[in-house]
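Inspection log for the structure reproduced underneath, given as structure tokens.
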Amino acid sequence: MPDAGNGIARLLVVDDNKVNRLLLTRNLDLMGHRVSAAENGRLALDTMRRDAFDLVLLDIEMPEMDGFQVLEQIRADLSLRDVPVIVTSSLEGLDNVVRCIELGAEDYLTKPVNAVLLKARVRASLEKKRLRDQQKALMRRFATPEVAQDLQQSGFALGGKRVRATVMFSDIRGFTSIAESQPPEETIELLNTYYTLMFDAIGEHGGIVSHIAGDGLMAIFGAPLPLPGHCDAAVRTALDMIEMMMLFNVERSAAGKPEIRIGIGIASGDMVAGYAGTNERATYTCIGDTVNLASRLEAHTKTAQREILIDDATRAALHDTVALEALGPLTVRGKTQSVDIFAVQPAGTAS
Amino acid sequence: MTQPTIDLAAFGELQSTAGAEFVCELVDTFLVEAPLMLDELRLAYASGNADTFRRTAHSLKSNSNTFGALALGKLAKDLELGGMTPVREANGAPLDELELEYARVAKALGELARA
């Protein structure tokens, strides 16, 4: 990553010709960058996979592996494809330039490279790289790594695909009265701690957080990437969340604050997963009856006075031994048929 | 020969951007590398290795132009684009011409770098 503070970047010069290599390295050195050099394409790829670079200056005409092949390999490698490449070559023919650009090169400089032009192009490429890095960091903050990766690989498109997954809803019991009884600053702090604990538990078991709103959150297990054993993963997550809240409450009690209780609803089945919203603002989510059921189960935890409720589909797919309590059929709003529901008993609670 | 052996403007530009001392070292490197390239060209020509022939001529062209050795660069470019057939048709004359021009370039560069 370029050092934003002082503009020093890590550059790699790839050229089989010694005079070209020395001169290019010298010019970049003079700009204040840290420069490494490689003599051919194969060595360049090895070096790029070993160390991180902000920019590569690549010759085309080289023995063993030429620049075209290097560009192809860089593009096929997820860990390398974001590194910008400026081709520096004295290849004859416009078609070669076009081919480089089509293979993903950021820019093309004809050798002998004019030092002033080189400086401008390098600066522009590094600036673009910096913005892209920033964008990626931002995406990681607002999307989970799985969604960020899915976006990077497949790009963004509204619409969804059908998946089999498990959905979880969770919220804080009596959150409104808690919020009313304390200053908003304290509520924000409480929410942040709560979310940190919950995100940890969800991520730990391969789930992604799809929505947070107020004190509620929705998590998906099994999309955008398939997750074998998504039912077990969701139930284990729920149990971890309850345990974390118990530990959190020990702290809160010691500080004389009221305990926090949460309710969790889990349902499994077919749903449509994808980006919903507009082209300007969208979120990765799941839609379908299963999702609605999970939400209803979460709401029903208050009535049932249980912390975790799951549907029959989730129960049937469980491999783990979990203490379950059959609560019988539940008529869910918006559903014609009633569904069998089960309470998962947290460890350490009497059955 | 209409082209000067070394284009002084191009050479001066190189010195001012990369530093005269560095250019001195770069010339020394070129004077070691270029004879190897000329040998490689001869070898590729003798063994009929068109790919190496083209790549080596390309490399020599690129370095010649870096130092402002435009005539040498032009001869190398002709070899790069024309391949070995015209050389064979002329009984190897273009390679002789290239070597002669290189001798002039080597002498001129040696003097200029240390001027």
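Kindly provide the set of residues from the range B:77-87 that are in contact (Cβ under 8 Å) with a residue 24 or more places away in the chain and either within 14 Å of chain A (Cβ to nearest Cβ) or of a type outside the set (A, V, I, L, M, F, W, C) (or both), ordered by number.
Result: B:Leu79, B:Glu80, B:Gly83.
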Flagged in the range A:56-105 as small (Gly, Ala, Ser) and either assigned to a helix (DSSP H, G or I) or out of contact with any Ser or Thr (no Cβ under 9 Å at 6 or more places or on another chain) (or both), in numbering order, are A:Gly67, A:Ala76, A:Ser79, A:Gly93, A:Gly104, A:Ala105
Here the qualifying pairs (Cβ atoms under 6 Å; residues six or more apart or on different chains; first in the range A:6-35 and surrounded by fewer than 18 Cβ atoms within 10 Å (Cβ to Cβ); second among the small types (Gly, Ala, Ser)) come out as A:Ile8/A:Gly32
Of the conditions (1) away from chain A (no Cβ under 14 Å); (2) at pLDDT below 95; (3) in a helix (DSSP H, G or I), the single one that B:Met1 does not satisfy is (3)
Worksheet item: Does A:Leu55 qualify as being touching a helix residue (DSSP H, G or I) at 6+ places or on another chain (Cβ under 9 Å), away from chain B (no Cβ under 14 Å) and among the aliphatic types (A, V, I, L, M)?
Response: yes
When (1) on the phi > 0 side of the Ramachandran plot; (2) small (Gly, Ala, Ser); (3) touching an Asp or Glu at 6+ places or on another chain (Cβ under 6 Å) are applied to A:Gly174, the one that fails is (3)
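Okay, residues lined up against (1) within 33 Å of the chain's Cα centre (by Cα); (2) at pLDDT below 85:
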residue	(1), (2)
A:Ala299	yes, no
A:Thr303	no, no
A:Ile308	yes, no
A:Asp320	yes, yes
A:Pro346	yes, yes
Considering every residue within the range A:183-195, establish whether at least one is among the polar types (S, T, N, Q), under 30 Å from A:Ala76 (Cβ atoms) and modelled with pLDDT under 90. no
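The values are calculated or read from the model by the stated rules, or taken from the named source; none is laboratory data. Computed from a predicted model, the values in this text were never measured in an experiment. Virtual Cβ from ideal backbone geometry, glycine too; neighbours counted across all protein chains shown.
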